[in-house]
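Engineer: Mind looking over this structure? Questions follow.
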DNA sequence: GCTATGGGTTACATAAAGGATACCATCCAA
DNA sequence: TTGGATGGTATCCTTTATGTAACCCATAGC
């Protein structure tokens, strides 16, 4: 099917698949924190508490979000043999595949803000 | 700032703005129904009950989602002078500005599914 | 008046997401 | 043996999102 539009010639099944794919993406980078954490991690490696402080997120939620991002191959978790141990989180090479998407979201957000505020 | 990465040289303030912009976008096209409705409306005009049936969404939620999409200029609502009156919803020309974003979401969803399932 | 159609709204209930706080475990150093 | 650093968990609670069912309003036909 045409990826840009779900036009009438497409079957219902094809249309459904199209937005299921969109839904998959939303499930993985949607929610309040995923893109915030990815944005922060674009700045380099962070330890658990550093991330918590940077994002102003509670440890419970941070822990959950990091697990989900790791499960989806977007970040890696490295335990360092220090005393006491420290854990570093960083983006994986695979996470680069999100660049276009994030860029598109950022661009549209700017376009839309211009439209709403009327400012250039 | 560099729109692709939030690197260390950027100030905290700039980083914050970057993900606030991402958040704006998520607020408008995120959630369970927005992209589903936009996808459906790419197929043409729909009346209220047609949309409800097509998306399998309850009238209460549909009403709310349509109002939000309309407020953001993405769809238009036209009352037709029929008996009883009917109301048509359709995408606005502005909604075309979302094409790149939706395309990027769709592409990444496919890429990611391939990675997860291992299938081509 | 009774019923049907189209476009919703209201009131209520449940599910999912997010947050605050305290706490646990380990290691080490004073 | 007490206390700080680090990486979390456990518990409880609030807020937001979504769902269900019934209902309201106008009009038209019978």
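The values are calculated or read from the model by the stated rules, or taken from the named source; none is laboratory data. Predicted model only: the values in this text are computed from it and were never measured. Positions of Cβ are generated from backbone atoms using ideal geometry, with glycine treated the same way; all protein chains shown enter the neighbour counts.
Engineer: All but one of (1) under 18 Å from residue A:27 (Cβ atoms); (2) touching a strand residue (DSSP E or B) at 6+ places or on another chain (Cβ under 9 Å) hold for residue B:104; state the number of the condition that does not hold.
Structural biologist: Checking residue B:104 against (1) under 18 Å from residue A:27 (Cβ atoms); (2) touching a strand residue (DSSP E or B) at 6+ places or on another chain (Cβ under 9 Å), the one that fails is (2).
Engineer: Need a quick list: helices (runs of 4 or more DSSP H) entirely within the range A:12-120 having at least 3 residues that are within 13 Å of chain B (Cβ to nearest Cβ) and more than 12 Å from the chain's Cα centre (by Cα).
Structural biologist: Numbers: elements: A:12-29, A:34-41, A:48-55, A:59-71, A:99-117.
By residue number, A:12-29, A:48-55, A:99-117.
Engineer: Does the range A:40-58 hold any residues that are touching a residue at least 24 places away in the same chain (Cβ under 8 Å) and over 13 Å from residue A:88 (Cβ atoms), and which are they? Full working, then the answer.
Structural biologist: Step one: filter the range A:40-58 for residues touching a residue at least 24 places away in the same chain (Cβ under 8 Å), giving A:41-42, A:44-48, A:51, A:57.
Result: A:42, A:57.
Engineer: Sticking with this structure for a sec: Going by the structure shown, is residue A:116 at pLDDT 95 or above and either farther than 22 Å from residue B:111 by Cβ or crowded, with 19+ Cβ neighbours inside 10 Å (or both)?
Structural biologist: No, not satisfied.
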